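Notes follow once the structure below has been shown.
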Ligand code: AMP
């Protein structure tokens, strides 16, 4: 059942991921950009998930998402196979290669936003084909904040529409190598400033274990990652970061540079839990009290 008010709507992939690290591997576990983002955002609000799965999508995954407090009225289940992605990590747990991407049911997906989602305060266009992100953007009524994420696949195969999308959002989240590939700039600061001129007021560059950087026309903010002792699976770190950040912002009194800076702390801490297990094993059951405890610990580590 759809809750009356949805503060945050998230569209993106819902996936069965096959992941290999140097220590272990997992086959067809629950993943996807919207899945990680919603699981993190659910620590703050009841996010509305928009996406599609095939008839092979296990019921237990749906139940897990529901138990986390994610609204599934925007999730379609159709004949066909669920989106699949597989990747392998280098020993540093930072660099990864995609082995395969199977769009499957996402190839013909036509998103339909439930009424309550159309009035969301915050919209997150998580990583998926830019045409789908644009379609969802067309269906919402003037959210206070529209944020988008993307990846190298779309930079290489759908750059024109990705650029159209970027021109319409307030915030772009992108990792360091993708920012360079998108803009052709070697310097991350140049890349971020160039993206600022295309439209987004907030450009958030994710740098994996090195944290993140916020660039606006007037400000620059840097935050390290929370030092995790044992990284088990970095998949979804970027999406959990975004989900934590935007979940927090969707319930904040104001959305401005100061609150975005504060939100970066929440995103960073959410991401740190995500990488401590495969799939959503940890994030999907994390109590808010544990997040807040680590947040206090994190603040204590920052100078000043
Ligand atoms: P991250 O590690 O934050 O980049 O997110 C990884 C998640 O993104 C995985 O769970 C994948 O299922 C999903 N993913 C990988 N490639 C794509 C793609 N091309 N489009 C949408 N989602 C993807």
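Only the coordinates and a few stated rules stand behind these numbers; no lab work does. Treat the numbers as computed from the prediction; the structure is a model and nothing was measured. Every residue, glycine among them, receives a Cβ derived from its backbone with ideal geometry; neighbour counts consider all protein chains shown.
Between the C-alpha center of region 64-115 and that of region 233-281 there is a gap of 19 Å. Along its three principal directions, the equivalent ellipsoid of region 1-49 from the Cα gyration tensor extends over semi-axes of 28, 10, 8 Å, largest first.
Taking max minus min of the alpha-carbon positions on each principal axis, region 9-149 gives extents of 45, 33, 30 Å, largest first.
Roughly what % antiparallel, to the nearest 5, for the DSSP beta bridges in region 87-199? Let's see the in-between values first.
Working: 3 of 10 bridges.
Looking only at bridges with both residues in region 87-199, the antiparallel portion is about 30 percent.
Remark: C-alpha extents of region 98-224 on the principal axes read 39, 37, 26 Å, sorted largest to smallest. Based on Cα contacts under 8 Å between residues 6+ apart, region 8-298 shows a relative contact order of 18 percent. Over the chain, dividing the summed -39,500 (n - 2.57) contributions of all DSSP H runs of at least 4 residues by the number of residues returns a 222 nm mean residue ellipticity of -10500 deg cm²/dmol. The calculated FRET efficiency for residue 118 paired with residue 230, based on their beta-carbon distance and R0 = 35 Å, is about 0.25. Of all the options 91, 158, 242, the one that moves most in a Gaussian network model of the chain with Cα springs shorter than 10 angstrom is 91.
Here the convex hull built on the C-alpha positions of region 143-293 has a volume of 116 cubic angstrom per residue. For the chain, the calculated P(r), taken from all Cα-Cα distances in 20 Å bins from zero up to the bin holding the longest distance, is 37, 60, 2 percent. Hull volume per residue, based on the alpha-carbon atoms of region 149-195 and their convex hull, is 65 Å³.
Quick one: of the DSSP bridges fully inside region 1-122, what percent are antiparallel, nearest 5?
Details: 11 of 25 bridges.
That works out to approximately 45 percent antiparallel.
Gyration tensor analysis over the Cα atoms of region 225-304 returns equivalent ellipsoid semi-axes of 21, 15, 11 Å (largest first, whole Å).
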